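One structure is given below, encoded as structure tokens.
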Amino acid sequence: MIATLDQLREAVRRVLDARQFLLEARRTDAIVKALAAAAQHWLPPSSPWRAQAVEQAPAVTGFSTEMVNEAIDRIFGAITAESLGVFLDRELGDRRALDEFHPHGPAQARAFGVPLIVHWLAGNVPAPGIHSILNGLLLRSGNVVRMSQHDTVFPRLFVESVREADPDLAMGVELLEWPHTDAALTQAAMAKADAVIAHGDDSTMAALRRAAPAGATFIGYGQKVSFAYLCREAMTVDQLPALAAAAAEDVSVYDQQGCLSPHVIYVEERGALSPRKFAAALAEAMGAFQARIPRGALTMEEAAAISTTRNGYEFRSASDRRIALWASDKPNEWLVVYEDDPSFAPSCLNRVVFVKPTDGGRRVLEAIQRHAARISTVGVAPISERTTEFAAQLARLGIHRVCPLGQMQRPPLWWFHDGRANLSPLVRWTELG
């Protein structure tokens, strides 16, 4: 239901009241315990939260029921008391600083989450929205959340599961819907915001940055893409099946809709197996992943984009041996394109991936350099001394995450999203001494 101006203002009042109560009544370890308990209640096959998400989310998100189950395992399996504690300690030095004055460098200091965070969720994949709400609750801030029409299910059910575990804590979140074009509601939501966490396309980021109050912290996560790089050491007969399965998983999870999904996989030449051999193995692995976790429904525009890509490369491959492709038996389930062209170009998504040969990391760096500002994650195989130097060169280009192939879609809870801390920008410190 679309919020009214009065409902939005009342939501702001309620979460600020709840925040004051939580500051006085709750300690951080109790909040960690409650959030971990809420997350763990999603995991059993018999979980009512899982059942509701599987029933409701496919129609809203477009993901298959199998993909929704996979998302639940990935998102909520990572939220444990231990991981939340590591997250807090890593970013704040010690989680106890949220409860009391605590040694912090040469003095003592206490941290307070900002009073009001406005969250603007994108809805293309569920994890960022869950994590955004989680961050606000860990800090005992008041949280007004504008949900995307593309996913109202996961945020709503998550907050309800928190309410079941800890009713008082859940009072710190209000979930609302309003059109992104409604400037009056957006301005009303932002008016008292101390921080804005926004997910969406670049135009949305620009508009929300302008709408945010001058003194508010603005954390925007815009459009990103990712790629993978396989070194020749990995290209052996023994390693090929696992390598291809890891790459297929990274490409296929969330149907390639998220920032962590690889669009291009560069494969180094002069290994025991050729890059083209990897492309063929990847196609087999893509088919196996599709059989286990089918891709979601396509819009007419998405189906047309895949067909256009496939038809164009089929035509070119008929007269150019440097191009090959492997496609699913059923139309548009997945597509692997091998192309002897090092240039980096995003795919049309929905499990369409390019495999490109390269003679080394230097060539890859040249190919992706002009896209570096929009690259989120690079999956690498293997992680070695040589790839550590490659990671250092990627860092110089401003790329913030390099991880093992197969882990691109599994960032730890405490990762520096887009190279930035998650909690510390939302905290204000008071020093004593």
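Here are some notes:
- Filtering segment 136-151 to residues that are crowded, with 19+ Cβ neighbours inside 10 Å and over 19 Å from HIS41 (Cα atoms) leaves GLY136, LEU139, ARG140, SER141, GLY142, ASN143, VAL144, VAL145, ARG146, MET147, SER148, ASP151.
- Residue check, GLU314 in the same structural domain as GLY296 (by TED's automatic domain parsing), of a type outside the set (A, V, I, L, M, F, W, C), in a helix (DSSP H, G or I) and modelled with pLDDT of 95 or more: yes
- Cross-chain or 6+ apart pairs with Cβ under 8 Å, segment 263-277 first and surrounded by 20 or more Cβ atoms within 10 Å (Cβ to Cβ), then of a type in the set (Gly, Ala, Ser) and modelled with pLDDT under 95: HIS263/ALA345; VAL264/ALA345
- Here segment 334-362 is the region considered, the condition is being under 16 Å from THR308 (Cβ atoms) and either of a type in the set (D, E, K, R) or outside the structural domain of GLY271 (by TED's automatic domain parsing) (or both), and the residue that is surrounded by the fewest Cβ atoms within 10 Å (Cβ to Cβ) is GLU339.
- Leading residue by the ranking (nearest to MET171 (Cα to Cα)) among those in segment 1-39 that are assigned to a helix (DSSP H, G or I) and of a type in the set (S, T, N, Q): GLN20
- Candidate set from segment 376-420 (those that are of a type in the set (Phe, Trp, Tyr) and within 20 Å of the chain's Cα centre (by Cα)); member that is surrounded by the most Cβ atoms within 10 Å (Cβ to Cβ): TRP414
- Checking VAL196, VAL237 one by one, the residue that is in contact with a Leu (Cβ under 8 Å, 6 or more places away or on another chain) and closer than 26 Å to CYS259 by Cα is VAL196 and no other.
- Segment 115-136, residues that are closer than 29 Å to GLY296 by Cβ and hydrophobic (A, V, I, L, M, F, W, C): TRP120, LEU121, ALA122, VAL125, ALA127, ILE130, ILE133, LEU134
- Unique match (being under 17 Å from ASP151 (Cα atoms), in a loop (DSSP other than H, G, I, E, B) and in the same structural domain as ALA11 (by TED's automatic domain parsing)) among PHE76, PHE63: PHE63
- Residue within segment 284-302 that is surrounded by 12 or more Cβ atoms within 10 Å (Cβ to Cβ) and free of Cβ contacts under 8 Å to residues at least 12 places away in the same chain present: no
- If the condition is being closer than 22 Å to LEU397 by Cα and part of a loop (DSSP other than H, G, I, E, B), then segment 330-378 contributes ASP341, PRO342, SER343, PHE344, ALA345, PRO346, SER347, ASP359, GLY360.
- Exactly one residue out of GLU55, GLU10, GLU82 is over 27 Å from the mean Cα position of the chain (by Cα) and exposed (fewer than 15 other Cβ atoms within 10 Å of the Cβ), and it is GLU10.
The values are calculated or read from the model by the stated rules, or taken from the named source; none is laboratory data. Only a predicted model underlies this, so the values are computations on that prediction, with no experimental measurement involved. A quick note on method: Cβ atoms are made from the backbone with ideal geometry, for glycine too, and the neighbour counts reach across all protein chains shown.
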